[in-house]
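These notes are about the structure you will find just below.
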Amino acid sequence: MRRWGKELSGRVRQALAAFFPGPRYEEPLFYLWARTVACPTTGKPVPLSPNWWLQKGSDPVAVRVLCRPDWPECRFEIVRGTAALRANPDQGTIRCGVAISPWTGDVIDGDYIKREAQAGRMGQQLYAVGVKTPRGMEFRPPTEADLAAVRAAEAELARRLPAWLAAGIVPDEEIPEGNKTAEPIRYGMTRWRDLFAPRQLLALGTVVETLRALAPEIQAALPPDQARAVRTYLALAVDKLADYNCQLTTWEVSRQIIKHVFQRHDFSMKWSHAEMALVVAGKGLDWAIDQIVDAYQEIARLAQPARGSLWPGEVAAPVQRLRVTRGNAAHLATLPAGSVHLVCIDPPYYDNVQYAELSDYFYVWLKRTVGDLYPDWFQAELADKDDEAVANPARFAGLGQKARELARRDYERKMAAIFRECHRVLRPDGVLTVMFTHKEVEAWDTLATALIDAGFHIEASWPVHTESEHSLHQAKKNAAASTILLACRKRRAGGEPVWWEDLKGTVRRVARERATEFAAQGIGGVDLYISTFGPVLSVISERWPVLTSEVDEQTGQPRPLRPEVALDLARQVVIGLRKEGLLLGRQVQFDPATDWYLMAWDSFKAEEFPADEARKLALVLGLELEADLVRKMRLIAKKQSTVVLQPPRARRRAGLVDPDAAFFGSWIDAAHTAMLVYEEDGARACEQFLKRTGLLHDGTFKACLQALINAIPRTRVKGAFARPEAETLERLRLAFFEDLVVPAEEAPPQFAQGVLLAAGEDDAAVAEGEGGEDGEEP
């Protein structure tokens, strides 16, 4: 494999040498580009980048954008140290799809940018080059040689492209409209080759062409199975290269690496992107090949025979090599009924990841590199999306509001078929272990329904803490930090139906006991809610069927319980528990709007989170999302499928956040008004406001502030609070309410930490594992 990898890489470097210039000791390792759009006033290209950082830390490096009226385009200067800080690199030229022209200072509307992109008039401009020097990695602005090489690559691609398209060298398939592909299409990238800049596409096309030319030599030199394996692994290296050499990659400032396309599970637009220099030995294609070889070696170690017995009473003997099969999990025809001790399944997480849509990115390249080796796998133009077990509303496009419900039913049906097959192959004493991570009750309801209907009882569950993101990210964007492991066994047949009204008390007690236990182990936020789901599902699945007082109009029989009803009760229990925690054990009655706001911060630790979760939290507290929280209270603003908590200044209005008011309809209005007065007019004006309204010595108002201090993340970055609300609350506390208790401030989480808590046992165990991404040397 390494021999043929070196041969492939050497030929590619030779073919591309003219398009990646650089002296021996200052070889470019990567290039940084900004997309451009014509300034509506001057017609000159505006480089679009959300920031101009190259390196942070003790030795900061940034780009300063230069422009003069007589220049045809912007130029760039690399600045370091204090000069980098003075350049204000956080101030980019585009944010939220809206740009600022450095030529005129005018705002460039997002719709104009989309129209230009869709018309094929969005370009790109090289603004920095990372080079390898005897002193280490350095940055420099592009030289004329760099720009000439870019122009030469563009001309070469234009020359080769017609023949490449005819021979199927580069992917020309249309990007289908889907759940995750909307953004590239919105910006004019309608075919898979459009995701690559000209030189990137030239490089990848050259790799594919070279690998095709090398294939007969590999097959002539090696036995058929080995030749097939070598070609397959080299094809995977091409996909690895494509993942890190695309217009959707970014430069990771803090770690000094290129971040690959799938930093998130989507095709999100990137305004600035990174490009590899493929001609540097040991980098680019060499690196991608090494990554595949390393992965192969690790898999080979796992497949080696081992001595030892898995089951008590059995004589130790070599364990047979692993057998890997590819097929539909709903049809395990090779496994006899009742033959398997353990099924361990990590199913698709409802609507979190649309795997087939994302797989198209790699599928179109693999079809060109190994399609002849696996013709049955690549018969279709793109990956199969109809048979995928995910909740994807895009599959039901055109059906309006029914699309989401149809997607839910499709997922439930497919998962039920899979779980029924798992039930068939398991021994009577076998165990099904399901890993699931999702924040929404709807996803848990659907998964639980499929499990229970297939005949399983959820015997125990463990929340495993797996969060490895910096806490600043958690403060800005909602994310679950735990994976829930569900241990399931075959449910004993013949149980009498149980009425939900008779089971409610047990569910409520179990939810409170487990939530208290989990909270004591440090599990909080949205994870505390989902950690109770397993124990609650254990109660209802053991006693199934559980019937409700509702009658099915068609059958005249009582309707069976939907698991989400029990999960909503668990959520209600956790709300009460968490509110007590925010008030340090006290029980204080606020109003529903204030309770909702406190629980939103406490649950999600973020200003933005799913709208459906906001709605369900509102229902538990007797509120309506649109009527009460959006229109009447203005506590949130809707943003597509999410909601955003509004700061005090955004809620300024008579009857809400009103500095001239004497009375307030909710405690959160009173707290927000006090925060607004302090932010805008200072401590003295705030003191006068508090005295005038009687809030300075009001016990309920102080309790509200205490709860807010505990609910809103107090993460600090370079000594300053990441959340402005936390900063204002701290100033209010120091000025007027020093007796309020300050919680321990959040520190960035550590890797390799995990906590397992058994839902059905009293013992707790600790597990450790490593997080993070591999293969990020670029």
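What's the ranking of 718-724, 631-637, 30-36 by average number of surrounding C-beta atoms within 10 Å, highest first?
30-36, 631-637, 718-724
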Checklist entry - Ranked by accessible surface with a 1.4 Å probe, highest first, in what order do L567, L332 come? => result L332, L567
Checklist outcome for this item: For the stretch 43-115 the translational diffusion coefficient, Stokes-Einstein from a Kirkwood Rh over Cα pairs at 4 °C and viscosity 1.567 mPa s, in µm²/s, is roughly 99
Checklist entry - To the nearest 10 square angstrom, how much accessible area does R11 have with a 1.4 angstrom probe? => result 80
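Compute the length gained on full extension between T700 and D106: take 0.36 nm times their separation in residues and subtract their Cα-Cα distance, giving the result in nm to one decimal.
Extra length available between T700 and D106 comes to 209.0 nm.
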Next on the checklist: Could you work out how much longer the chain between R631 and A83 gets when fully extended? Use 0.36 nm per residue separation minus the Cα distance between them, nm to one decimal.
Outcome noted: 192.6 nm
Item to check | Cβ-placed point charges (K, R +1; D, E -1), dipole of the stretch 573-679 about Cα centre in debye, nearest 20 | outcome: 160
Item to check | Highest-first arrangement of 524-536, 496-508, where packing means the average Cβ count within 10 Å | outcome: 524-536, 496-508
Next on the checklist: Keeping all protein chains in the complex and leaving out DNA, RNA and ligands, what accessible area do you get for F456 with a 1.4 Å probe, in Å² to the nearest 10?
Outcome noted: 0
Checklist outcome for this item: So for R0 = 25 Å, FRET eff. of E608-R186 from the Cβ-Cβ r, to 0.05, ends up at 0.75
Checklist entry - Given a 1.4 Å probe and every protein chain left where it sits, what share in percent of the accessible area of the chain is carbon and sulfur? => result 51
Checklist entry - What is the stretch 84-235's relative contact order, in percent, from Cα pairs under 8 angstrom and six or more apart in sequence? => result 15
Item to check | Under 5 Å, built H, 5+ apart or other chain: amide partners of Q646 | outcome: I636, A637
Checklist entry - Between L165 and W377, what is the spin-label point distance in nm, taking each point 7 Å from the Cα along the Cα→C-beta axis? => result 2.9
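Given Cα pairs under 8 Å that are at least 6 residues apart, what percent is the relative contact order of the chain?
About 10 percent, as a whole number.
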Checklist entry - Top to bottom by accessible area (1.4 Å), largest first, where do W271, W287 land? => result W271, W287
Checklist entry - Excluding ligands, DNA and RNA, what is the solvent-accessible area per residue of the chain at a probe of 1.4 Å, expressed in Å²? => result 47
Next on the checklist: Rounded to the nearest 20 debye, what is the charge dipole size of the chain about its Cα centre when +1 sits on each Lys and Arg Cβ and -1 on each Asp and Glu Cβ?
Outcome noted: 1140
Checklist outcome for this item: If N is the residue count of the chain, its Cα Rg over 2.2 N^0.38 Å rounds to 1.07
Item to check | Ellipticity estimate at 222 nm from DSSP helix runs (n ≥ 4, -39,500 (n - 2.57)) divided over the chain, nearest 500 | outcome: -13500 deg cm²/dmol
Checklist entry - How high is the relative contact order of the stretch 1-104, given as a whole-number percent (alpha carbon pairs under 8 Å, six or more residues apart)? => result 22
Checklist entry - Any idea of F196's accessible area? Nearest 10 Å², probe 1.4 Å. => result 10
Checklist entry - What is the distance, in nm, between label points placed 7 Å from the Cα along the Cα-to-Cβ direction at D386 and at T548? => result 3.4
Item to check | Loop sites in the stretch 155-264: trypsin sites (Lys or Arg not before Pro), DSSP, at most 12 other Cβ within 10 Å | outcome: R255, R264
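The values are calculated or read from the model by the stated rules, or taken from the named source; none is laboratory data. Owing to the predicted nature of the structure, the values given are computational and were not obtained by experimental measurement. Backbone-built Cβ (ideal geometry, glycine too); neighbour counts: all protein chains shown. We work out accessible area using only protein heavy atoms, side chains counted, and drop any ligands, DNA or RNA first. Shrake-Rupley method; radii C 1.70, N 1.55, O 1.52, S 1.80 Å.
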